[in-house]
Amino acid sequence: MDFAWTDEQQAFRKEVLRFAREELKEDMIENDHNEKFSWDGWKKCAQFGIQGLPIPVEYGGGGADTLTTVCALEALGYGCHDNGLMFSINAHMWSSEIPIWSFGTEAQKRKYLPKLVSGEFVGVHAMTEPMSGSDAYSMLSRAQKKGDRYIINGSKTFITNAQNADMVIVFANLDPAKGAAGVSAFIVDKGTPGFSVSRKLHKMGLRTSPMAELSFQDCEVPVENLLGKEGGGSAIFTASMEWERICILASHLGAMQRLLETCVKYARERKQFGQAIGKFSAIANKIADMDVRLETGRLLLYKAAWLKSQGRHPLREASIAKLYVAEACVQSCLDAIQLHGGYGYMTEYQLERELRDAVSGTIYSGTSEIQRVIIAGLLGV
Ligand SMILES: Cc1cc2nc3c(=O)[nH]c(=O)nc-3n(C[C@H](O)[C@H](O)[C@H](O)COP(=O)(O)OP(=O)(O)OC[C@H]3O[C@@H](n4cnc5c(N)ncnc54)[C@H](O)[C@@H]3O)c2cc1C
């Protein structure tokens, strides 16, 4: 077992942190209030190579292994306070780029990956529907094959980056009698007749990451736009969820580090009853718990990423890491607010935004309850 980052990984981490601190420093109170997506941040991250990190060099990516990618995303989340931008980038990477890379034909890879990597294209993953969330395969969206076309009908909700989509990976059932085995994935390009962004959605947190509903009405795509095999949608969804559950919360670890440092500083500076509040064991204990959560979260997430780097399929470890880091981050945000007293509750201190952003982690990519169902299921329960 080796718990050390290599010299290259450490140098890269430093470089990502420098980049995030210097280049990604917009006014988050204003952007959060106005639900403003940072195109500038998106482009800068793409130029730096973030969006393409795990994608092979031949498609314009960085060819980094999973552990190095996680290392970089954690540093990005530490240096950049725009959790919404981090989320938009992650959604794009794990549920658009990775499925194309893992399941696409060579023509699909050549057509989409260089543009997704360069940030010219924004990719979107459309699975959830108004009537199907955790029970994703009970979807009502349908696809029908007619000659050399597929015709897609249905609606999708809670779709991250929807308004900015250049291409959508949409899941629809081609053979409902087969249930989940009938679900297939299709690539729909922006501007395809019958495809539209139907309603913008407003969120509690991650307000700088756009979200909307999508509508597909007799939306025709050529057979070349099938991703993977007919009926292969569940394999694609499972694979992208495995990646996403390992990697999407790496930036949360960075945010947890930021929170911890903010709290240590405040606990040393803020005085009540004639002494720094950090001298009260109730406050010191919160800080210690935040540190324990961060360390535990890191170990779980790094282990899952390491297994993935070894070419394994760490379904259990991915679910454990996702469940733990998501819930730990919410608890650390609550502790940070409590530790700051009334100031923590004020928008100005930006801790309430961190909390609102963090709560989403217990819902997307499979809720905490679903992660527990997966973990218990793997134990035979
Ligand atoms: C910020 C954010 C971004 C998202 N981005 C996308 C996206 O880009 N693309 C996309 O397709 N979807 C996206 N989603 C949707 C997300 O995947 C779903 O919200 C999630 O899967 C839960 O589905 P649901 O909201 O319908 O809740 P439901 O499935 O209706 O669940 C409601 C409650 O019941 C619980 N529950 C359900 N089934 C079980 C069970 N078997 N055992 C125990 N408890 C259960 C859930 O845990 C939850 O507490 C996003 C969601 C959020 C919040």
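Among the numbered criteria (1) under 24 Å from Val188 (Cα atoms); (2) modelled with pLDDT of 95 or more; (3) under 17 Å from the mean Cα position of the chain (by Cα), which one does Asn83 miss?
Checking Asn83 against (1) under 24 Å from Val188 (Cα atoms); (2) modelled with pLDDT of 95 or more; (3) under 17 Å from the mean Cα position of the chain (by Cα), the one that fails is (1).
For Ile374, indicate whether it is closer than 26 Å to Ile159 by Cα, surrounded by fewer than 17 Cβ atoms within 10 Å (Cβ to Cβ) and modelled with pLDDT of 95 or more. Even if it seems obvious, please write down each step before you answer.
On the way: closer than 26 Å to Ile159 by Cα: yes; surrounded by fewer than 17 Cβ atoms within 10 Å (Cβ to Cβ): no; modelled with pLDDT of 95 or more: yes.
Taking the combined requirement at face value, the residue does not satisfy it.
I'd like the full set of residues that are on the phi > 0 side of the Ramachandran plot and within 15 Å of the ligand (Cβ to nearest atom), limited to region 154-204.
In the first step, residues of region 154-204 are kept if they are on the phi > 0 side of the Ramachandran plot; the result is 154, 158, 161, 179, 191, 194.
Hits for region 154-204 are Gly154, Phe158, Asn161.
Restrict the check to region 220-229 and report whether at least one residue is over 21 Å from Gly84 (Cβ atoms) and without any contact (Cβ under 8 Å) to a residue 60 or more places away in the chain. It would help to see each step written out before you state the result.
Residues of region 220-229 over 21 Å from Gly84 (Cβ atoms): 220-229.
Still in the list and also without any contact (Cβ under 8 Å) to a residue 60 or more places away in the chain: 229.
Yes, because at least one residue in region 220-229 is over 21 Å from Gly84 (Cβ atoms) and without any contact (Cβ under 8 Å) to a residue 60 or more places away in the chain.
List every residue pair whose Cβ atoms lie under 9 Å apart, where the two residues are 6 or more positions apart in sequence or sit on different chains, the first residue falls within region 1-23 and is under 19 Å from Leu300 (Cα atoms), and the second residue, located anywhere, is basic (Lys, Arg) and surrounded by 13 or more Cβ atoms within 10 Å (Cβ to Cβ).
Every condition considered, the pairs that remain are Trp5/Arg13.
Taking only region 351-370 into account, find how many residues are within 14 Å of Cys329 (Cβ to Cβ) and within 10 Å of the ligand (Cβ to nearest atom).
Within region 351-370, residues that are within 14 Å of Cys329 (Cβ to Cβ) and within 10 Å of the ligand (Cβ to nearest atom) number 9.
So which residues in region 102-153 are more than 18 Å from Asn164 (Cα to Cα), assigned to a helix (DSSP H, G or I) and within 16 Å of the ligand (Cβ to nearest atom)?
Ala136, Tyr137, Ser138
What residue, among those in region 48-66 that are assigned to a helix (DSSP H, G or I) and closer than 18 Å to Ser102 by Cβ, is modelled with the lowest pLDDT?
At the first step, the residues of region 48-66 found to be assigned to a helix (DSSP H, G or I) are 48, 57-59, 66.
Keeping just the survivors that are closer than 18 Å to Ser102 by Cβ gives 57-59, 66.
Numbers: Val57: 98, Glu58: 98, Tyr59: 98, Thr66: 94.
Selected residue: Thr66.
Exactly one condition in (1) in contact (Cβ under 8 Å) with a residue 24 or more places away in the chain; (2) part of a helix (DSSP H, G or I); (3) more than 17 Å from Asn83 (Cβ to Cβ) is not met by Ala336; state its number.
Against the list (1) in contact (Cβ under 8 Å) with a residue 24 or more places away in the chain; (2) part of a helix (DSSP H, G or I); (3) more than 17 Å from Asn83 (Cβ to Cβ), Ala336 comes up short only on (3).
The values are calculated or read from the model by the stated rules, or taken from the named source; none is laboratory data. Because the structure is predicted, anything quoted here is derived from the model rather than measured. Backbone-built Cβ (ideal geometry, glycine too); neighbour counts: all protein chains shown.
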